[in-house]
Amino acid sequence: MKASILAIWILLCCASFYGQSAPVEAVSRLDIEVNQGFGMGIDTRPENRWRYGLGTSIGVNYNYKPARRFEIRGGISEQVYYSKRLVYHPYPYVMEMDFGLTTIATRFIAGGDWTMHVSETRLSPYLGAALYADIVHYARARNWLYYLTEGEREKMNLKDSFSNPVPGVQFGLGLRGKTTRIELRYWEDIRTFKVPVNPVNRQRRSYIGISAASYFDKSF
């Protein structure tokens with residue numbers, strides 16, 4: 001993953017210098033962004049992904065375009081994340097356990113987009129990369145334990161398992177128009193978290209989904 005992050009950032013930096021060769025008037029504007037997709041936890045030892053769960057967010061971004069092909073973006077959003085996995089339990093008389101994780105976090109993000117082809121009349125494709133920091137203010141786990149003859153549900157507060165801020169990386173492939181943009185987005189935490197008591201390895205959150213944004217009408 002580290003090599004991919006470095007390669008994309010080098011690409012974006014080179015793109016920005018390339019874009020500066022064609023002088024353009026710098027443009028800055030705000031957008032409102034909505035994301036909808038699937039959370040996918042990752043078990044870090046075997047690198048197995050969890051079952052898909054709902055992930056959604058809404059936020060505001062500041063966009064600054066210093067060059068024809070390069071745009072810098074920073075913003076804040078509220079993230080709601082859910083993922084679920086099946087754990088084969090070693091405890092006596094417990095057959096298996098469904099483990100569900102829900103987190104709510106405030107995200108601060110900064111990154112850049114490189115436009116692959118600039119079009120004045122059609123949507124322009126772009127690649128994006130960013131770093132984020134999450135302030136997790138809600139983290140709960142729900143366990144469904146399946147015994148030989150019955151089932152049991154328990155809840156767990158995992159807020160202390162996340163060391164704020166939680167850093168991560170984000171990648172995107174999208175299309176941008178004059179007033180809107182849409183993007184296929186993937187993000188993954190850099191830090192892992194531990195589930196107390198339960199017999200599972202350290203875990204990491206990840207997500208894939210669609211992002212849509214609408215720019216404010218007026219540039220400033």
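No lab work stands behind these numbers, since they all come straight from the coordinates. Everything quoted here is computed from the prediction, not taken from an experiment. Reconstructed Cβ throughout: ideal geometry from the backbone, glycine too, with neighbour counts over all protein chains shown.
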Notebook entry, point to check: Between THR44 and HIS137, what is the label-to-label distance in nm when each label sits 7 Å out along the Cα-to-Cβ direction?
Noted result: 2.6 nm
Next item on the list: Starting from the Cα of LEU173, step 7 Å along the direction of its Cβ; do the same at ARG68; then give the gap between the two resulting points in nm.
Entry: 2.5 nm
Notebook entry, point to check: So what are the ³J(HN,Hα) numbers for region 205-211, from phi and the Karplus equation (6.51, -1.76, 1.60; θ = phi - 60°), rounded to whole Hz, Gly and Pro as x?
Noted result: 7, 8, 7, 9, x, 10, 10
